[in-house]
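Here's the structure, in structure tokens; my notes come after.
Coordinate-derived values only; no laboratory data. Bear in mind that the values here come from a model prediction, so they are computed numbers and not experimental data. So basically every Cβ, Gly included, is an ideal-geometry build from the backbone, and we count neighbours across all protein chains shown.
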Amino acid sequence: MGEPRPRKESKHPGGGADSSPPGISVFFPAYNDGGTIPSMVLTALMTLRKLTDDYEVIVVNDGSADYTAEVLEELAARYPELRVIHHEQNRGYGGALRTGFASATKELIFYTDGDAQYDPRELTRLYEAWGDDVDLVNGYKISRSDPLHRIIIGRLYHWIVKLAFGLRLRDVDCDFRLMRRSIFDTVQLKSDSGVICVELMKKVQDAGFRIAEVPVHHYHRAYGKSQFFNFRRLWRTGKQLLALWWELRWPQLIGRKS
């Protein structure tokens, strides 16, 4: 892992000079993101056209109570590359991600949140770092543009899970990732909450997949509010992390001692 490397001499990452670029599935989990998801979809479509001829955009509407569903249906009617999946009831962030991963059909999968705190145009940064020797490109925030309490909670969360799970990452909770779809032939995810990011990266790391890291920008939230880092959810998140640690990390520690 480390800073992004220069693009190889081949025309497309992971292939020879005459090979076609890989297909890319972009998906966004969306919950009450009606004010931001249209710009995310349109920006993703413009970015994908520069990278490959084989692409799709998927939005998983996770039981939104605002006008997310309506605006997505209007977009889907205009753009055939867009596929919208509606959860009738909210399944949580992890549930939305698992639906997105399972629905993607292309060789590469990129996802980020539908709240516009990341810029889909920076997918190109991840794409340039991907190649034959990289299975997953993980973004890390150059700086965090959140209220002070979220920055503090986020830093504490990062260091706790990094140490507890033995993760070798700059930024565990940066939801800006490009990965091979074939990863999910090995990695099976179960979490329904935001803890899924720890589960994903722990299982990817333990399975020996090769990870590169790329700096990306993080922006202030312009619409809606966070569903994960708030005080009401901290206790529940702690219990979920403990259960995940017991499942994934404790057997490794016991194995070392025996």
field: Unique residue being among the basic types (Lys, Arg), closer than 14 Å to ALA44 by Cα and out of contact with any helix residue (DSSP H, G or I) (no Cβ under 9 Å at 6 or more places or on another chain) when the list is ARG125, ARG150, ARG155
entry: ARG125
- prompt: If you check every pair at least six apart or on different chains, which have Cβ atoms under 8 Å apart with a residue in region 56-78 that is in contact (Cβ under 8 Å) with a residue 40 or more places away in the chain first and a residue that is in a helix (DSSP H, G or I) and of a type outside the set (A, V, I, L, M) second?
  reply: ILE58/GLY100; ILE58/SER103; VAL60/THR99; VAL60/GLY100; VAL60/SER103
- request: Report those helices (runs of 4 or more DSSP H) wholly inside region 63-178 carrying at least 3 residues which are aromatic (Phe, Trp, Tyr) and within 27 Å of PHE209 (Cα to Cα).
  value: 148-165
statement: Those residues of region 48-84 which are out of contact with any strand residue (DSSP E or B) (no Cβ under 8 Å at 6 or more places or on another chain) and not hydrophobic (A, V, I, L, M, F, W, C) amount to LYS50, ASP53, ASP66, TYR67, GLU70, GLU74, ARG78, PRO80
message: It is to be established whether one or more residues within region 179-190 are among the charged types (D, E, K, R), part of a helix (DSSP H, G or I) and buried (at least 16 other Cβ atoms within 10 Å of the Cβ).
response: yes
- request: Kindly provide the set of residues from region 154-202 that are under 22 Å from GLY100 (Cα atoms) and β-branched (Val, Ile, Thr), ordered by number.
  value: VAL172, ILE183, THR186, VAL187, VAL195, ILE196, VAL198
field: Verdict on THR43 being surrounded by 14 or more Cβ atoms within 10 Å (Cβ to Cβ) and over 24 Å from GLY95 (Cα atoms)
entry: yes
